[in-house]
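Below is one structure; the comments refer to it alone.
The values are calculated or read from the model by the stated rules, or taken from the named source; none is laboratory data. Just so it is clear, the model here is predicted, and its values are computed rather than measured. In this analysis, Cβ positions are derived from the backbone assuming ideal geometry, glycine residues included, and neighbour counts consider all displayed protein chains.
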Amino acid sequence: TFTDDENNTIYVYNKERMKLTFYIEEDMKLGYITTTHPDIKLFGTTIINKVWDLVNGDLALNKITKFEKDSEEGIDIYFNEDNWLFFHVDYDEIVEVEIGAIINDKDEFEWKFRG
(Lines give C-alpha, C1' and ligand atoms only; values in the text may rest on other atoms or scores of the structure.)
Protein backbone atom coordinates (compact mmCIF):
# COMPACT_ATOMS: atom_id res chain seq x y z
CA THR A 1 0.00 0.00 0.00
CA PHE A 2 0.94 3.64 -0.36
CA THR A 3 -0.76 7.02 -0.17
CA ASP A 4 -1.12 9.55 -2.97
CA ASP A 5 -0.76 13.35 -2.87
CA GLU A 6 -4.27 13.70 -1.40
CA ASN A 7 -3.57 11.13 1.34
CA ASN A 8 -5.81 8.48 -0.27
CA THR A 9 -4.82 4.87 0.36
CA ILE A 10 -3.87 2.79 -2.67
CA TYR A 11 -3.64 -0.97 -2.45
CA VAL A 12 -1.43 -2.62 -5.07
CA TYR A 13 -2.01 -6.21 -6.14
CA ASN A 14 0.98 -7.25 -8.23
CA LYS A 15 -0.24 -10.69 -9.33
CA GLU A 16 -3.61 -9.25 -10.40
CA ARG A 17 -1.93 -6.14 -11.89
CA MET A 18 -4.50 -3.98 -10.16
CA LYS A 19 -4.56 -0.88 -7.96
CA LEU A 20 -7.49 0.08 -5.76
CA THR A 21 -7.76 3.65 -4.49
CA PHE A 22 -9.76 4.41 -1.35
CA TYR A 23 -10.68 8.04 -0.65
CA ILE A 24 -9.76 9.32 2.81
CA GLU A 25 -12.27 12.20 2.59
CA GLU A 26 -15.08 9.79 1.67
CA ASP A 27 -14.78 7.42 4.64
CA MET A 28 -12.36 5.15 2.76
CA LYS A 29 -14.81 4.27 -0.01
CA LEU A 30 -13.41 2.63 -3.12
CA GLY A 31 -12.91 5.44 -5.63
CA TYR A 32 -10.83 3.93 -8.45
CA ILE A 33 -9.83 0.60 -9.89
CA THR A 34 -6.89 0.61 -12.30
CA THR A 35 -5.65 -2.49 -14.10
CA THR A 36 -3.37 -3.73 -16.84
CA HIS A 37 -4.33 -7.40 -16.43
CA PRO A 38 -4.85 -9.07 -19.84
CA ASP A 39 -7.83 -11.11 -18.59
CA ILE A 40 -9.93 -8.07 -17.61
CA LYS A 41 -13.22 -8.01 -19.49
CA LEU A 42 -15.67 -5.29 -20.39
CA PHE A 43 -19.05 -6.40 -21.71
CA GLY A 44 -17.74 -9.98 -21.78
CA THR A 45 -14.70 -9.25 -23.96
CA THR A 46 -11.06 -8.86 -22.98
CA ILE A 47 -9.75 -5.39 -23.77
CA ILE A 48 -6.09 -5.12 -22.71
CA ASN A 49 -3.79 -5.28 -25.75
CA LYS A 50 -6.78 -4.90 -28.08
CA VAL A 51 -6.84 -2.26 -30.80
CA TRP A 52 -8.63 0.88 -29.58
CA ASP A 53 -10.86 1.20 -32.66
CA LEU A 54 -12.27 -2.31 -32.13
CA VAL A 55 -12.95 -1.77 -28.44
CA ASN A 56 -14.38 1.68 -29.17
CA GLY A 57 -16.82 0.04 -31.59
CA ASP A 58 -17.90 -2.44 -28.92
CA LEU A 59 -18.34 0.42 -26.47
CA ALA A 60 -20.55 2.26 -28.98
CA LEU A 61 -22.75 -0.85 -29.27
CA ASN A 62 -23.21 -0.54 -25.50
CA LYS A 63 -24.05 3.17 -25.74
CA ILE A 64 -20.70 4.46 -24.48
CA THR A 65 -19.78 6.94 -27.18
CA LYS A 66 -18.61 10.27 -25.74
CA PHE A 67 -14.87 10.44 -25.14
CA GLU A 68 -12.49 13.24 -24.38
CA LYS A 69 -9.01 12.55 -25.71
CA ASP A 70 -5.74 13.66 -24.15
CA SER A 71 -2.18 12.64 -24.93
CA GLU A 72 0.74 12.35 -22.53
CA GLU A 73 4.19 11.27 -23.70
CA GLY A 74 2.79 9.45 -26.73
CA ILE A 75 0.03 7.67 -24.85
CA ASP A 76 -3.55 8.58 -25.79
CA ILE A 77 -6.01 8.69 -22.92
CA TYR A 78 -9.71 8.39 -23.72
CA PHE A 79 -12.09 9.46 -20.95
CA ASN A 80 -15.83 8.84 -20.74
CA GLU A 81 -17.22 11.07 -18.01
CA ASP A 82 -20.70 9.49 -17.90
CA ASN A 83 -19.21 6.17 -16.76
CA TRP A 84 -15.91 7.53 -15.38
CA LEU A 85 -13.88 5.24 -17.63
CA PHE A 86 -10.32 5.86 -18.77
CA PHE A 87 -8.57 3.90 -21.51
CA HIS A 88 -4.80 4.35 -21.89
CA VAL A 89 -3.79 3.55 -25.47
CA ASP A 90 -0.19 3.01 -26.54
CA TYR A 91 0.78 1.91 -30.06
CA ASP A 92 -2.96 1.88 -30.86
CA GLU A 93 -3.64 -0.79 -28.22
CA ILE A 94 -5.27 -0.47 -24.81
CA VAL A 95 -2.60 -0.93 -22.14
CA GLU A 96 -4.49 0.21 -19.02
CA VAL A 97 -8.09 0.67 -17.92
CA GLU A 98 -9.36 2.76 -15.05
CA ILE A 99 -12.87 2.95 -13.68
CA GLY A 100 -13.84 5.39 -10.99
CA ALA A 101 -16.77 6.41 -8.88
CA ILE A 102 -19.32 8.44 -10.81
CA ILE A 103 -19.62 12.17 -10.10
CA ASN A 104 -23.12 13.54 -10.67
CA ASP A 105 -24.32 16.96 -11.86
CA LYS A 106 -24.17 18.26 -8.29
CA ASP A 107 -20.42 17.45 -8.19
CA GLU A 108 -21.10 14.67 -5.66
CA PHE A 109 -20.04 11.02 -5.80
CA GLU A 110 -22.58 8.38 -6.75
CA TRP A 111 -21.11 5.29 -5.16
CA LYS A 112 -21.73 2.22 -7.32
CA PHE A 113 -19.31 -0.05 -5.49
CA ARG A 114 -18.45 -0.28 -1.83
CA GLY A 115 -15.10 0.00 -0.06
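For Lys66, the test of being at pLDDT below 95, within 16 Å of the chain's Cα centre (by Cα) and either in a strand (DSSP E or B) or not aromatic (Phe, Trp, Tyr) (or both) is failed. Scanning region 69-91 for residues that are among the charged types (D, E, K, R) and outside any strand (DSSP E or B) yields Glu73, Glu81, Asp82.
Report yes if Glu110 is loosely packed, with under 12 Cβ neighbours inside 10 Å, of a type outside the set (Val, Ile, Thr), more than 22 Å from Asp5 (Cβ to Cβ) and under 15 Å from the mean Cα position of the chain (by Cα), otherwise no. In short, no.
Residues that are among the basic types (Lys, Arg) and touching a residue at least 12 places away in the same chain (Cβ under 8 Å) within region 1-27 comprise Arg17, Lys19, listed in sequence order. Give the residue that is farthest from Tyr91 (Cα to Cα), with candidates limited to residues of region 41-53 that are hydrophobic (A, V, I, L, M, F, W, C) and at pLDDT below 95. Within region 41-53, the match that is farthest from Tyr91 (Cα to Cα) is Phe43. One residue stands out among those in region 28-59 that are without any contact (Cβ under 8 Å) to a residue 24 or more places away in the chain and assigned to a helix (DSSP H, G or I): the one that is surrounded by the fewest Cβ atoms within 10 Å (Cβ to Cβ), which is Gly57.
Output the residues belonging to region 4-27 that are under 27 Å from Glu93 (Cα atoms) and either modelled with pLDDT of 95 or more or surrounded by fewer than 18 Cβ atoms within 10 Å (Cβ to Cβ) (or both). Scanning region 4-27 gives Ile10, Tyr11, Val12, Tyr13, Asn14, Lys15, Glu16, Arg17, Met18, Lys19, Leu20. When we screen Thr36, Thr46 for residues that are within 14 Å of the chain's Cα centre (by Cα) and polar (S, T, N, Q), the only hit is Thr36. Pairs meeting the criteria (first residue in region 67-79 and on the phi > 0 side of the Ramachandran plot and loosely packed, with under 10 Cβ neighbours inside 10 Å, second residue of a type in the set (D, E, K, R) and assigned to a strand (DSSP E or B), beta carbons under 9 Å, at least 6 apart or on different chains) are Gly74/Asp90.
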